[in-house]
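Asker: Once you've had a glance at the structure underneath, I'll fire off some questions.
Only the coordinates and a few stated rules stand behind these numbers; no lab work does. This is a predicted model, so every value here is computed, not measured. Every residue, glycine among them, receives a Cβ derived from its backbone with ideal geometry; neighbour counts consider all protein chains shown.
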Amino acid sequence: MVILIARDEKRGTEAVENLKACGLSDIIFHQLDVTDSASIASLADYIKNKFEKLDILVNNTGVSGFIMDAESFTSLKLKSGELSQALIPLFRLSSSARIVNVSSGLGQLKNVTNEWAREVLSDVDGLTE
Ligand SMILES: NC(=O)c1ccc[n+]([C@@H]2O[C@H](COP(=O)([O-])OP(=O)(O)OC[C@H]3O[C@@H](n4cnc5c(N)ncnc54)[C@H](OP(=O)(O)O)[C@@H]3O)[C@@H](O)[C@H]2O)c1
């Protein structure tokens, strides 16, 4: 069973219907905005109540086409961690738990134009959550 997420309920529901029309039946929609703590908590509760466990979390959410400042970088970073932290307890009952993080070559440090962010991320020994 795959839970497809999107911020917009209408677009997410349509995506699920399109996939079902292609023959994929084990797929359902749940709203999620990864920058919204209440939305993260709601998804975690939903999975816990309906399935009791989670086997695989695919972190695929991406934003592109803008230059990130220090504030938005910190906010996004913390929220991505918040989603994983909220869902990790649901791995407890799984025998095949894993997190798949989808990244990009654009995420390489040499491509990070914000000097502050590049400096923080380059300090491997000093990195904290
Ligand atoms: N496209 C490429 O050539 C390429 C290459 C290398 C790596 N990647 C990686 O692949 C991943 C997906 O990229 P893509 O090209 O498929 O990007 P995309 O078409 O822009 O899709 C990004 C998705 O992220 C969702 N999203 C954005 N902000 C969100 C939020 N706050 N909460 C929940 N969902 C949110 C969007 O959902 P809604 O707007 O529908 O809510 C959208 O479906 C990214 O991690 C990217 O770095 C892409």
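Asker: Of VAL102, SER64, PHE91, whose Cα points farthest to the positive end of the dipole of the stretch 32-126 (charges on the beta-carbon: +1 Lys, Arg; -1 Asp, Glu; origin at the Cα centre)?
Answerer: With unit charges placed on the Cβ atoms, the residue in question is PHE91.
Asker: Would you give the gap between the C-alpha center of the stretch 34-64 and the C-alpha center of the stretch 78-108, rounded to a whole Å?
Answerer: When both Cα centres are located, 10 Å separates them.
Asker: Just tell me which aspartates and glutamates come within less than 17 Å, Cα to Cα, of LYS10; anything on the same chain fewer than 8 places away is out.
Answerer: Reachable aspartates and glutamates: ASP33.
Asker: Could you size up the charge dipole of the chain around its Cα centre, putting +1 on the beta carbon of Lys and Arg and -1 on that of Asp and Glu, and report it in debye to the nearest 20? Working shown, then result.
Answerer: Numbers: 13 positive and 18 negative charges, 89 e Å.
The dipole of the chain has a size of about 420 debye.
Asker: Now for a separate question. Under the Kirkwood approximation for Rh and a Cα-based Rg, what ratio Rg/Rh is obtained for the stretch 32-126? Walk me through the numbers on the way to the answer.
Answerer: Working: Rg = 15.4 Å, Rh = 15.0 Å.
Using Cα coordinates only, the ratio equals 1.03.
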